[in-house]
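In what follows, a structure is listed as C-alpha cells, so that the remarks can point back to it.
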Amino acid sequence: MLIEYYPSNSFLHDLDVRTKLLGFFLLTFISFIFLSPIINFIIALLVVIIILKINAPLSRVKKLLTPLTPIFFIMIIITGFTYPTENFKTEFSQKIFFTLGIDNSWQFTVGGFLYGITLSLRIFIMVLASTILTFTTPIEDFLQLMKKIKIPYQFAFIITSGIRFIPTMQKKSEMIQEAQKARGAEIGSGGFIKNFKSHIMVLIPLIVDSIRMSDNLAIAMLNRGFGALKFTTDLHTIEMKTKDYLICISELCLVAISIWIKSNNIGVL
C-alpha cells in the first residue's frame, strides 16, 4: 500500500512535486552521512511529525512498518557482533556489552549496537519519507515531471501506469486470498513448500486478472486516441511557487549545515 495518493488540504499537498522529491533525496542523504543514531533519530522524529500533520492513514503506515520490525532486530544483532571495532572513533563505542562462545570470541559491542540502530533508522526514514511523497503527490504530477525532463510520453505513461496499479493489484491479491481461504485453502500456514504451493492458487488468478486488466486498459487507450498526437496537454500543470523556491533553498542549506557538522566529526561512533 505504499504508492497511493490521499487528497488533503495540508501544506505538503500544495507543494510542487519537485520540492517534495528534493526533500526526499536530501533527507535520505543526510541520514546516510551520519553514523550516530541520535541525529538519525531526530530526522526520524521529524518524518513522523510530518506523517501526522498530513493526516496520513496510520493503519497503512503500520502495515508498511510491521514486516520491517524483525529485519531491524536482526540487523542490530548482526552489526553488534560483526561490525569491526577499529572503525569506531570513540571509546564509548568500543566498549563491550557482553561476550558469547567458549573462548568469549563473540563480542557484542556498544558501537555495533548503535550502528545497527542507525541502519534501522535509515530504512525507517526512507520508508516514511517515500510514503509522505506518495501520499501527498498525485501520480499525474510524476507523469508531468517525467515529461518536463524530456522522457518520452509513452515511456513515462508506462512507468506511472505500473506504479498506479500497484495498490490495485495488492487489493486484488488480498481479495483472492480471502476467497481461497473461504474455500478451505490454507494460505500462509505450514512449512516453506506447503506455503509456496498455497500461494500458487493466488498467483495464477492474479496473473490472469492482470492480463485482463492490461487488455482493457489498452482498449481504453486506443478508444481515446493515445499516441495520435505528438504533444499532449494536461488538465493541471505543475508549477513552482515562491514557497517552493524558499523551501528548496532551506533544504539545500540544511544539507550544507549537515556536511559542515560531518566535517567536524560530529555524529560519529
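A few notes on this one:
- The residues in region 43-70 that are of a type in the set (A, V, I, L, M) and free of Cβ contacts under 8 Å to residues at least 24 places away in the same chain can be counted, and the count is 5.
- Residue list for region 236-249, restricted to those being exposed (fewer than 13 other Cβ atoms within 10 Å of the Cβ) and in a helix (DSSP H, G or I): THR242, TYR245, LEU246, ILE249
- Any hit, region 188-196, residues being β-branched (Val, Ile, Thr), modelled with pLDDT of 80 or more, outside the structural domain of LEU26 (by TED's automatic domain parsing) and assigned to a helix (DSSP H, G or I): no
- One residue from PHE81, PHE34 being closer than 20 Å to SER250 by Cβ and at pLDDT below 90: PHE34
- Neighbours by Cβ (under 9 Å, 6+ apart or cross-chain): first from region 122-140, over 11 Å from TYR6 (Cβ atoms); second crowded, with 20+ Cβ neighbours inside 10 Å and of a type in the set (D, E, K, R): LEU133/LYS20
- When region 141-166 is filtered for residues that are in contact with a helix residue (DSSP H, G or I) (Cβ under 8 Å, 6 or more places away or on another chain) and within 22 Å of ALA56 (Cα to Cα), the ones remaining, listed by number, are ASP141, PHE142, THR160, ILE163, ARG164, PHE165.
The values are calculated or read from the model by the stated rules, or taken from the named source; none is laboratory data. Worth saying up front: this structure is predicted, and the values here are computed from it rather than measured. Using ideal geometry, Cβ is built from the backbone for each residue, glycine included, and neighbour counts are taken over all protein chains shown.
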